[in-house]
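Colleague: Take a look at the following structure, please.
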Amino acid sequence: MKCIIRVNFRPYDPSQPYILPQSLDDWLPEGHLARFISDTVDNLDLTEFYKYYRANGQGSSAYHPRMMVKVLLYAYCVGVCSSRKIARALVDDVAFRWLGAGNFPDFRTISEFRRKHLKAFQGLFSQVLVLCKVAGLLKVGVVALDGTKVKANASLSKNRTYDQLLKEEEEINKKVKELLDRAEKTDQEEDELYGDMRGDELPPELSNRKSRLKKIREAKAELEARSKAKAAEQKTRNKEQKSGKEKRGGKSKDSSAKPDGRSRINTTDFDSRVQKTKGGYIQGYNAQAVVNEDQVIIAQTVVSDENDIHQLIPMVEQTEETLKELGESPKTFLADAGYCSNDNFLKVENKDYEVLVPTKAERKQRTESGGSIRGRKPDSARARMERKLKNPVRAFVYGFRSRMIEPVFGQMKFCRGLKGFLLRGLEKVQGEFSMWCTSHNLLKLFRNQGIARVSIE
């Protein structure tokens, strides 16, 4: 007697036709992040995006900016930033297809849209901050500043000193001359080289060297400009130290300054620098952010500097300006010891709020907190800051810094995949980081009970 096994499977027939067409809207669950992004972007002012297009309707049709903004912001929220991956996701991923609404721009269109509208994307950062305020996520009793090193779209091996650039330029000039002389020797060699072409095209070898020579000359010019600016800044600083007064007007120029032969520049991305990280050295940028107690980013930028010491004042001023527009002001501003300098402390002493920056590493600062804070007021701003942080209350408040700012960079890098910037050049990288920060704040809004329909009016 045979045993009959009956398996209870759900119906499965990929070729089964539907009586009525299926709606893509039914495929995306309610409360999905893509729906939130779509509803939020519908409440944003995209005037800056529309300015790029002709108002008379002439020319070929373009993809709708609102659709492109939704797709790109959602892509950054889920860590899919490559234009090729976004184009692929518009075909393969239900959420991307839902946002695209039947549009499938190729990767070149996506990349070009992002590149052309970087400034407009930066403007969305402040609009999303308004939404955060409406949602009650903009508490600014305590704000914290920190920086993180992010890899540039360039290799460490492409760094060259000024002397190396001079040597390479000389070698390429010599090789180019040899190639030109050889090309002009006989008509027979020219025919063999060009075949059936007109004969005036550059050979590939010569063309590559000429483009390489152009890049080297641009790198040399950049190093020379940096050297002149540095010399002028030092000259101004020396005059200020002698006179004891800050010089008014523009900085002095010293056109005679020449770059040190050991000065280095990356020939792929001139603005990037060699950055030291815990994992070693990278070719990259220094990204700066200020966050509040809810880990909402309220100020951000990217710089080329290898250290943070010159970023405290610019970030303090940017935070003040941003919060002033929102009708807010911080009570306490926290930064780590990387921003410590006597000049910085002097400039923030008279603020309406307190700025706390340790003069030592946080571990040493914790062991030294709680000492005597009595006696005569110290003469130097640095000593006064040290004395402030010996106060148990201030030391307790400062302890919130790392748990406020460091998780933000951790979420970007390890949860959403910010391994490095895709664009090159400081201005473009600043725009790209702004998109990362805007998407971070959108995720904060989404996780705050999924508030999607908030008006910015």
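The values are calculated or read from the model by the stated rules, or taken from the named source; none is laboratory data. The structure presented is a predicted model; accordingly, all values stated were derived computationally and were not measured. Counting neighbours? That spans all protein chains shown, and the Cβs are built from the backbone with ideal geometry, glycine included.
Colleague: Report every pair of residues separated by at least 6 positions or lying on different chains whose Cβ atoms are under 8 Å apart, first residue within region 267-284 and of a type in the set (S, T, N, Q), second surrounded by fewer than 21 Cβ atoms within 10 Å (Cβ to Cβ) and part of a loop (DSSP other than H, G, I, E, B).
Modeller: THR268/ASN153; THR268/SER155; THR268/ARG424; SER272/SER304; SER272/ARG424; GLN275/GLU306; GLN283/SER155
Colleague: Identify the single condition in (1) modelled with pLDDT under 95; (2) buried (at least 18 other Cβ atoms within 10 Å of the Cβ); (3) closer than 22 Å to ARG394 by Cα that GLY375 does not satisfy, given that it satisfies every other one.
Modeller: GLY375 satisfies every listed condition except (2).
Colleague: Same structure again: Against the condition touching a helix residue (DSSP H, G or I) at 6+ places or on another chain (Cβ under 6 Å), modelled with pLDDT of 75 or more and hydrophobic (A, V, I, L, M, F, W, C), how does LEU179 come out, does it pass?
Modeller: On the way: touching a helix residue (DSSP H, G or I) at 6+ places or on another chain (Cβ under 6 Å): yes; modelled with pLDDT of 75 or more: no; hydrophobic (A, V, I, L, M, F, W, C): yes.
Spelling it out, it is not the case that LEU179 is touching a helix residue (DSSP H, G or I) at 6+ places or on another chain (Cβ under 6 Å), modelled with pLDDT of 75 or more and hydrophobic (A, V, I, L, M, F, W, C).
Colleague: Looking at region 109-133 only, could you name the residues that are of a type outside the set (A, V, I, L, M, F, W, C) and part of a helix (DSSP H, G or I)? Even if it seems obvious, please write down each step before you answer.
Modeller: So in region 109-133, the residues of a type outside the set (A, V, I, L, M, F, W, C) come out as 109, 111-112, 114-117, 119, 122-123, 126-127, 133.
Selection gives THR109, SER111, GLU112, ARG114, ARG115, LYS116, LYS119, GLN122, GLY123, SER126, GLN127, LYS133.
Colleague: Follow-up. So for region 30-39 (the condition being outside any helix (DSSP H, G or I) and not charged (D, E, K, R)), does at least one residue qualify? Write out each step before concluding.
Modeller: Let us first name the residues in region 30-39 that are outside any helix (DSSP H, G or I), namely 30-32.
Still in the running and not charged (D, E, K, R): 31-32.
The answer is yes, given that some residue of region 30-39 is outside any helix (DSSP H, G or I) and not charged (D, E, K, R).
Colleague: Is it true that some residue in region 72-91 is within 20 Å of CYS437 (Cα to Cα), of a type in the set (A, V, I, L, M), part of a loop (DSSP other than H, G, I, E, B) and under 32 Å from the mean Cα position of the chain (by Cα)?
Modeller: Yes - at least one qualifying residue is present in region 72-91.
For every residue, the table says whether it meets (1) in contact with a Leu (Cβ under 7 Å, 6 or more places away or on another chain); (2) assigned by TED's automatic domain parsing to the domain that holds VAL291.
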{"site": "VAL128", "(1), (2)": "yes, no"}
{"site": "LYS133", "(1), (2)": "yes, no"}
{"site": "VAL142", "(1), (2)": "yes, yes"}
{"site": "GLY147", "(1), (2)": "no, yes"}
{"site": "LYS151", "(1), (2)": "no, yes"}
{"site": "GLN164", "(1), (2)": "no, no"}
{"site": "GLU170", "(1), (2)": "no, no"}
{"site": "LYS174", "(1), (2)": "no, no"}
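Colleague: Identify, by number, the condition in (1) in a helix (DSSP H, G or I); (2) on the phi > 0 side of the Ramachandran plot that GLY102 doesn't meet.
Modeller: (1)
Colleague: Does THR40 satisfy the condition of being free of Cβ contacts under 8 Å to residues at least 60 places away in the same chain and either within 21 Å of PHE446 (Cβ to Cβ) or not small (Gly, Ala, Ser) (or both)?
Modeller: Taking the combined requirement at face value, the residue does not satisfy it.
Colleague: Also: For region 405-427, enumerate the residues that are part of a helix (DSSP H, G or I) and surrounded by fewer than 19 Cβ atoms within 10 Å (Cβ to Cβ). Talk me through it step by step, then tell me what you get.
Modeller: First, the residues of region 405-427 that are part of a helix (DSSP H, G or I): 405-415, 426-427.
Once the filter is applied, which keeps residues that are part of a helix (DSSP H, G or I) and surrounded by fewer than 19 Cβ atoms within 10 Å (Cβ to Cβ), region 405-427 yields GLU406, PRO407, GLY410, GLN411, LYS413, PHE414, CYS415, LEU426, GLU427.
Colleague: Please find, among PHE421, PHE409, the residue that is in contact with a Phe, Trp or Tyr (Cβ under 9 Å, 6 or more places away or on another chain) and under 22 Å from LEU118 (Cβ atoms). Working first, answer last.
Modeller: On the way: PHE409 fails: in contact with a Phe, Trp or Tyr (Cβ under 9 Å, 6 or more places away or on another chain).
None of the other options fit; the residue is PHE421.
Colleague: Something else now. Mind checking which residues of region 407-441 are of a type in the set (D, E, K, R) and in contact with a strand residue (DSSP E or B) (Cβ under 7 Å, 6 or more places away or on another chain)? Explain how you work it out, then say what you get.
Modeller: Of all residues in region 407-441, those of a type in the set (D, E, K, R) come to 413, 416, 419, 424, 427-428, 432.
The one that is of a type in the set (D, E, K, R) and in contact with a strand residue (DSSP E or B) (Cβ under 7 Å, 6 or more places away or on another chain): LYS419.
Here is a yes/no grid of residues against (1) crowded, with 21+ Cβ neighbours inside 10 Å; (2) hydrophobic (A, V, I, L, M, F, W, C); (3) in a strand (DSSP E or B); (4) not assigned by TED's automatic domain parsing to the domain that holds ALA232:
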site	(1), (2), (3), (4)
ALA287	yes, yes, yes, yes
VAL290	yes, yes, yes, yes
ASP294	no, no, no, yes
GLU306	no, no, no, yes
HIS310	no, no, no, yes
THR322	no, no, no, yes
GLY327	no, no, no, yes
LEU346	no, yes, no, yes
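Colleague: Report yes if some residue within region 127-140 is out of contact with any Ser or Thr (no Cβ under 8 Å at 6 or more places or on another chain) and buried (at least 22 other Cβ atoms within 10 Å of the Cβ); otherwise report no. Working first, answer last.
Modeller: Kept after step one, since they are out of contact with any Ser or Thr (no Cβ under 8 Å at 6 or more places or on another chain), are these residues of region 127-140: 127, 130, 132-133, 135-139.
When the remaining residues are screened for being buried (at least 22 other Cβ atoms within 10 Å of the Cβ), the result is 132.
Yes - at least one qualifying residue is present in region 127-140.
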